[in-house]
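The structure under discussion appears below in the form of structure tokens.
The values are calculated or read from the model by the stated rules, or taken from the named source; none is laboratory data. Nothing here was measured: the structure is a model prediction, and the numbers come from that model. All Cβ positions, glycine included, derive from the backbone under ideal geometry; neighbour counts span all protein chains shown. The area values use the complete protein model at the heavy-atom level, side chains included, leaving out ligands, DNA and RNA. Shrake-Rupley method; radii C 1.70, N 1.55, O 1.52, S 1.80 Å.
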Amino acid sequence: MNILVTGSAGRVGRRLVGDLLAADHEVTSVDLKDPGVTHPHLTHHSGSIADPNFVERVVDNVDAVVHLSALMSWKDEDAERMFEANVNGTERLLESVSRRPVRRFVLASSGEVYPENNPVKLPIDEDHPTAPTSFYGFTKHLAEESVRFFIRRYQLKGVILRFSHTQDAPELFDPESWFSGPRFFLSRKLQTAQERGQHDVAEALTRYDDGEEKLVISRGRDGTPFRMHITETADIVQGVVRALDREEAVGETFNIGSDEPISFDEVVPRMSEYLGIPTADVRLPVDAPSYRTSNQKAKRLLGFQPQWDFERMMKEGAEFRHTTGR
Ligand code: NAD
């Protein structure tokens, strides 16, 4: 198959393109950035999927599409750019695809459509009501609705995948990582809170800032530890490949993520042992995200089986630091 992958220079895209090439597929890849990969069966196009002329050119002769490209941001000033990339871009791609004999369209959506941080029931399965509260989650919700419309109107063989938080194991211990920094490291968490104007959060964190780096055991205002799913990118890619392959996937929506959520009061002390830096146990003036998302539907219909738990991610993250010195 010739498979078009949008967002091919990103975390999930890079890994997916590698796996598809290894499985002898032709890959057409698209991203704003050049992923810097060459392969005889890979054709890369740098450009924006929000540009209709560009999209018309890149969808020619593709058999299937995995649509990963998106802008992820929680800054108000990015709302317009995010709408253009995530909503208008998706719609333009769907329009071009619907005029061609494309056999499968897989959309990367997110648990932020529920949203997972404010569940009305647990575990969160695919029937949980959607009511996004972030602009990012709203754009993913609209992208999902576009796919559903094209399934109804043009018999598109679409599949919607709601990914959990996703990281490469080597990102875990990297304070510069876009996810791990503000999630776990005091210095970056404080900086992010200041940048976002979350003055009360910044104040709570400042009390622990004595100049020495710490890993933060984040808790909500009532002491509940943060609890969420963090999934290794390779497991997310496994879900995507199964959604491309399996006939049972067509027309369906799936949660794709790890089996178990992690609780910060349990994993941050383990991370601290690996890194040899102390922890700070902090009550933040927020409601703690605390949820469990079910991946049972993906297991049942797609044979999805995550291979990484957080312990394995930490072990591989530590090995990466050891071998690279980073
Ligand atoms: P990423 O940010 O690493 O990669 C996204 C890629 O999309 C980037 O390389 C970017 O250059 C590209 N892109 C952005 N706008 C574009 C445009 N207009 N045209 C072409 N390319 C564009 O993200 P990721 O972690 O690989 O995530 C992949 C997908 O999964 C995204 O749709 C994201 O919203 C979704 N998702 C990610 C997570 C996560 O925790 N990483 C969780 C849930 C859902």
* To do: Read phi for every residue in segment 278-292 and hand back ³J(HN,Hα) as whole Hz from Karplus 6.51 cos²θ - 1.76 cosθ + 1.60, θ = phi - 60°, with x for Gly and Pro.
  => x, 9, 10, 8, 10, 8, 9, x, 9, 7, 5, x, 8, 8, 9
* Accessible area per residue of segment 169-298 at 1.4 Å probe, in Å²? -> 42 Å²
* Structure fact -> Sorted by chain and then number, the residues having a modelled amide H within less than 5 Å of the amide H of L4, at least 5 places away or on another chain, are T28, D63, A64, V65, V66
* Calculate, for D34 and T324, the FRET efficiency according to 1/(1 + (r/R0)^6) with r their C-beta to C-beta distance and R0 22 Å; round to the nearest 0.05. => 0.40
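E260 to E77: extension gain in nm, 0.36 nm per residue of separation minus the Cα-Cα distance? Can you show the working numbers first?
Values: separation 183, 0.36 × 183 = 65.88 nm, distance 3.41 nm.
Full extension from E260 to E77 adds 62.5 nm.
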* Structure fact -> Mean 1/r over distinct Cα pairs of segment 117-229, inverted to a Kirkwood Rh in Å, yields 17.1 Å
* To do: Pop out the ³J(HN,Hα) list for segment 216-222 in order, Karplus 6.51 cos²θ - 1.76 cosθ + 1.60 with θ = phi - 60°, rounded to Hz; leave Gly and Pro as x.
  => 9, 8, 7, 10, x, 4, 8
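Give me the percent of accessible area attributable to carbon and sulfur for the chain, probe 1.4 angstrom.
Details: 7070 of 14960 Å².
Roughly 47 percent of what the probe reaches on the chain is carbon or sulfur.
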* Structure fact -> With the charge dipole of segment 1-125 built from beta-carbon charges (+1 for Lys and Arg, -1 for Asp and Glu) about the Cα centre, the Cα from G89, V58, M1 projecting farthest to the positive end belongs to M1
* To do: Work out the charge dipole of the chain with +1 on the Cβ of Lys and Arg and -1 on the Cβ of Asp and Glu about the Cα centre, then indicate which of G181, T133, L161 is farthest towards its positive end.
  => L161
* **Listed residues A298, G276, G325: farthest to the positive end of the dipole of segment 243-326 (Cβ charges)** => G325
* **Distance between modelled label sites at N61 and R270, nm, 7 Å Cα→Cβ extension** => 4.8 nm
* **5 angstrom amide H check on I124, placed H, neighbours 5+ away** => R292, T293, S294
* Along its principal axes, what span do the Cα atoms of segment 26-162 show, with the longest given first and each in whole Å? -> 48, 34, 25
* Using unit Cβ charges (K, R positive; D, E negative) and no other charged atoms, how large, in debye to the nearest 20, is the dipole of segment 229-274 about its Cα centre? -> 140 debye
